[in-house]
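Engineer: What follows is a structure written as structure tokens; I'll ask about it next.
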Amino acid sequence: MSKQDNTYFEDLVIDGCTCPHEDAFQPQENQLFRIVKKEPATSDCFVSHRKKNPTKTYPDECIARAVSTFDSVEGLLNAFIKTPAGKKKERLIGKVVLQENDGMLKQTFSEGHYSWWRSHSFDISSVTIQKVEA
């Protein structure tokens, strides 16, 4: 499935920008992690910064419309602990194994961090949850 065949969860039509970026790739059983708010995970656990902050200005609007994920639990926790929400004792970590039709990925910012442009095809029931104590 090509980028053009995907229908994305969020609006990716951005003036003057190709979104997802040209160097994004289709997942091939990529295992990724994200902090989620509840078990079982819901669609609201996998939204972009743009969806959460509709009026904020971002340096890259396309990446702002992607879901932030990590390729390891350690990388996720290291990044998350630096945020105000990361100070909680218990965390729920959602694990996804993305298939070709689940959207597009791009390694962004730091090693192990991936921006995921989620497609409508992604099955939220495939998310597995693990609890991690601080």
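The values are calculated or read from the model by the stated rules, or taken from the named source; none is laboratory data. Note that the structure is a prediction, hence the values are computed from the model and not measured. Reconstructed Cβ throughout: ideal geometry from the backbone, glycine too, with neighbour counts over all protein chains shown.
Engineer: Does CYS19 fit the bill of being touching a Pro at 6+ places or on another chain (Cβ under 8 Å) and more than 18 Å from GLY112 (Cβ to Cβ)?
Structural biologist: Criteria not met by CYS19.
Engineer: Right, next: Any residue at all in region 80-93 that's touching a Lys or Arg at 6+ places or on another chain (Cβ under 9 Å), closer than 19 Å to THR7 by Cα, among the charged types (D, E, K, R) and without any contact (Cβ under 8 Å) to a residue 60 or more places away in the chain?
Structural biologist: no
Engineer: Further, regarding this structure: Give the residue that is farthest from GLU90 (Cα to Cα), with candidates limited to residues of region 1-53 that are assigned to a helix (DSSP H, G or I) and touching a residue at least 24 places away in the same chain (Cβ under 8 Å).
Structural biologist: Top of the filtered list is LYS3.
Engineer: While we're on this one: Can you name every residue in region 27-53 that is touching a Lys or Arg at 6+ places or on another chain (Cβ under 8 Å), at pLDDT 95 or above and buried (at least 17 other Cβ atoms within 10 Å of the Cβ)?
Structural biologist: LEU32, PHE33, CYS45, PHE46, SER48, ARG50
Engineer: Here's a follow-up. Here are some residues: GLU61, GLU10, GLU74, GLU22. Which one is among the acidic types (Asp, Glu), more than 23 Å from SER125 (Cβ to Cβ) and within 15 Å of the chain's Cα centre (by Cα)?
Structural biologist: Only one candidate passes the filter, namely GLU61.
Engineer: Go through region 54-121 and tell me which strands (runs of 3 or more DSSP E), entirely inside it, have 1 or more residues that are surrounded by fewer than 20 Cβ atoms within 10 Å (Cβ to Cβ) and in contact with a Ser or Thr (Cβ under 6 Å, 6 or more places away or on another chain).
Structural biologist: Filter on region 54-121 gives 90-98, 103-107.
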